Amino acid sequence: MLIGQQIGPFEIEKELGCGAMGTVYRAKFHRSADKIIPVALKVVALGLVGNESAMARFEREANILKQLRHPHIVRLIAHGKINKQNPYIAMEFIDGEALDRALARRGKLSWEEVVVYGKQLCEALQYAHDKGIIHRDLKPSNLMIDRDGLLKLTDFGIAKDTDVTALTGANSTIGTAAYMSPEQCKGDRNLSNKSDLYSLGICFFELLSGRKPFTADTTVEMFLKHVNEKPPRIGKLVNELPLKFEALILQLLEKDKEDRPIDAAWVARMLGEIEEDAYARKSAGLVAAEVRTAKPTNLGGERMDEADKEAARALRGKKKKVKKKPSVPLMQRTWMKAVGFSAILLALAVIAFFMLKPTSPEKMFAAIEKAETPEERLKAATEFLEEYGDKGGEMVDKAAVVYREGIVRDREKQLANRFKNNISKPGDSDDPEAYTAAWQAMELERSGDWEAAALQWAKVKARFPDEAKLPYTLKEDLLTKARWGWLADKRITDLKTARGEYTRLEKKIEENRRNEISVKPDPTNPEWLAMRVIRLTKFGDMDRAASACDTLRTLTETDPDKKTWYLLAAYLRTNITKGPPDAAEQRRRRIDARLAAAEKTALTALNNPNLIGAMRRSVRNDCREVIELYEDDPDVEVKKLVGRAKTIAESVSKG
């Protein structure tokens, strides 16, 4: 035991934890005579001192931490060896607790807390990923929360630095089984940032529900579940979890890494949107409450008179207080007329009651979910909010999101049609300044200037900052203003998403080439068209790239659901110019040159067995590029070149 001992500059105070690699102590680091720093001192277990693999892993953790200087990553203070033999790492001491202990103490965390911690964690992960470092052991016990609520990512003991050789053997797994990605479970050595994102989804699931998505008796069973079994719907386990958060977790837990989010920064943006939506929805019933306080009306829409009210009171079993009148002889009373009149009023009241009785909230909300078109969904959401918007709750929150999306969709379609037809003058009900700024933003979007377009949309949003925070409004004067802010919010998000899509597509193209994945043609699919534009541009065929880009822009120009692809098409088009008059001839020469180089490489590969694998793969990729880009070309000469590409590819087939 080292507690109470002075080891070099460290004064050991307390043991914080112990694991297979060693022990972590709280210690005082005497950096100088007048400066003492509290640290977490990690010391290698004596039994591992002679273990080269363990020593290399420990040294690597220190080297990785040296590269990382981020507010949400534990900071390296010093590292070295005690008595020139026993390695140590001194890290900043976090005065707080790990999230696994918080879970043990509380059972689970609120989704609002998880969003706050999740954004901080995503910042740390993106920073590490940008430096080529993959954590590989993301779990609640490695997430420390200090007393100020600041999250710190710890324990890079098995982190993978993609710029150096991994310390694990071929087809081996490393990490904690319950949090490992499917590719880790399979022993894939080419791990990417997507592996950490899967583990992030597991962490979110556990923090929110208090349980892991998969349980198993053995490590092998756990691996099989990660690879083959779908995770349970967390929305069924956590009440009032925002739908967008549930969707994000499901996306993080996709088995195929290509179906997961592009990076941690994108996840952080989604968490920010979830937080903003929740903040806005807190006032979801305020405006609807005003509608509910309106004066009661009768069946004709007129204000109820005393007779109507009396009938309603009769229906509820209440009687109107009247002054006592002198006794009248029985024969002189008009009870027959009174009974008849009362019967008529009662019948009217009964009819009014059943006609005006509101439908249950569950039934009205079900109408939103069953609606087949965006227009029907908006109508159903509006009716629901008019009736129950002031009640609050999960159904109101979800209906408010549908309402807002529907209003924005309508506004977006209207503006797209005006822009297409060059109607630049604002309408009578439009705010002139907001309309002008929006028009300028759309012109900048069409020219591919994303940054300038975002600034213009920010001007639109700034016109009505308070109204833009509302999740919905049922008052026309507020709606006229709020829709501008909502639209600006969406378009700013679309611009960010388009930027991310461009990066994702480039990575996908490169990965398809690396893994020799063929892409089936689909001219109606915006993603396929965008990838085709990028590939043709890299091939040097600007003429066909421009045509594909124009097709993509036409396909997505007025569809609000495809706005991201329209923005991407406009951006790609700015860097492409139509080819010269002899573009077709240049295309044939370009393809011929590519195939000539492929034939030369193929011949070299066949004559050099040591290089045959890599060189054959290169030839197949070059030929596949020609086939996929030009198989639909009507030019007879190009068709011959495509046939030649198929022949070359077959000559270096995998078999």
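General remarks:
- Unmet requirement for Asp592, which otherwise passes all of (1) within 42 Å of the chain's Cα centre (by Cα); (2) over 30 Å from Lys413 (Cα atoms): (1)
- Candidates Glu362, Glu405, Glu412, Glu386 - the one that is surrounded by 14 or more Cβ atoms within 10 Å (Cβ to Cβ), part of a helix (DSSP H, G or I) and over 27 Å from the mean Cα position of the chain (by Cα): Glu386
- Checked against the criterion of being closer than 30 Å to Glu240 by Cβ, charged (D, E, K, R) and surrounded by 16 or more Cβ atoms within 10 Å (Cβ to Cβ), segment 221-228 has at least one qualifying residue.
- Residue in segment 85-105 that is at pLDDT below 80 and either loosely packed, with under 15 Cβ neighbours inside 10 Å or part of a loop (DSSP other than H, G, I, E, B) (or both) present: yes
One line per residue, one yes/no per condition, for (1) within 20 Å of Lys194 (Cα to Cα); (2) of a type outside the set (Val, Ile, Thr):
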| residue | (1), (2) |
| --- | --- |
| Lys108 | no, yes |
| Cys122 | yes, yes |
| Tyr127 | yes, yes |
| Asp130 | yes, yes |
| Leu138 | yes, yes |
| Met144 | no, yes |
| Leu151 | no, yes |
| Thr154 | yes, no |
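- Qualifying residue in segment 630-637 (condition: more than 20 Å from Val519 (Cα to Cα), surrounded by 20 or more Cβ atoms within 10 Å (Cβ to Cβ) and in contact with a Lys or Arg (Cβ under 9 Å, 6 or more places away or on another chain)): no
- Residues in segment 57-81 that are outside any loop (DSSP other than H, G, I, E, B) and in contact with a Leu (Cβ under 6 Å, 6 or more places away or on another chain) were compared, and the one that is modelled with the lowest pLDDT is Arg57.
- Residue count for segment 186-214, restricted to those that are assigned to a loop (DSSP other than H, G, I, E, B) and either in contact (Cβ under 8 Å) with a residue 12 or more places away in the chain or at positive phi (or both): 10.
- Inspection of segment 628-641 finds no residue satisfying the criterion of being touching a helix residue (DSSP H, G or I) at 6+ places or on another chain (Cβ under 8 Å), under 30 Å from Leu495 (Cα atoms) and not in a helix (DSSP H, G or I).
- Segment 129-142, residues that are under 21 Å from Lys66 (Cβ atoms) and in contact with a helix residue (DSSP H, G or I) (Cβ under 8 Å, 6 or more places away or on another chain): His129, Lys131, Ile133, Ile134, His135, Arg136, Asp137, Leu138
- Some residue of segment 576-599 being hydroxyl-bearing (Ser, Thr, Tyr) and part of a helix (DSSP H, G or I): no
- Ala128 surrounded by 15 or more Cβ atoms within 10 Å (Cβ to Cβ), modelled with pLDDT under 90 and in a helix (DSSP H, G or I): yes
- Test for Trp528: is it of a type outside the set (Ser, Thr, Tyr) and under 17 Å from Arg409 (Cβ atoms): no
- Candidate set from segment 116-125 (those that are hydrophobic (A, V, I, L, M, F, W, C) and buried (at least 21 other Cβ atoms within 10 Å of the Cβ)); member that is nearest to the chain's Cα centre (by Cα): Cys122
- Leading residue by the ranking (surrounded by the fewest Cβ atoms within 10 Å (Cβ to Cβ)) among those in segment 508-540 that are acidic (Asp, Glu) and not in a loop (DSSP other than H, G, I, E, B): Glu510
- Subset of segment 548-566 (residues that are basic (Lys, Arg) and crowded, with 18+ Cβ neighbours inside 10 Å): Arg553, Lys563
- Segment 413-425 residues that are in contact (Cβ under 8 Å) with a residue 40 or more places away in the chain, paired with ones that are not in a helix (DSSP H, G or I) (beta carbon under 7 Å, 6 or more apart): Lys413/Thr558; Ala416/Glu557; Ala416/Thr558; Asn417/Thr558; Lys420/Glu557; Lys420/Thr558
- No other residue among Asn228, Asn193 is touching a His at 6+ places or on another chain (Cβ under 8 Å) and more than 23 Å from Glu394 (Cα to Cα) apart from Asn193.
- Subset of segment 41-56 (residues that are of a type outside the set (A, V, I, L, M) and modelled with pLDDT of 75 or more): Lys42
- Unique match (being modelled with pLDDT of 90 or more, of a type outside the set (Ser, Thr, Tyr), more than 21 Å from Ser518 (Cβ to Cβ) and surrounded by 15 or more Cβ atoms within 10 Å (Cβ to Cβ)) among Ala569, Ala596, Ala645: Ala569
- In summary, Gln251 fulfils each of the numbered conditions (1) surrounded by fewer than 18 Cβ atoms within 10 Å (Cβ to Cβ); (2) at pLDDT below 90; (3) part of a helix (DSSP H, G or I) with the single exception of condition (2).
The values are calculated or read from the model by the stated rules, or taken from the named source; none is laboratory data. Predicted model, so just to flag it, every value in this text is computed and none were measured. All Cβ positions, even for glycine, are placed from backbone atoms using ideal geometry, and neighbour counts span all protein chains on display.
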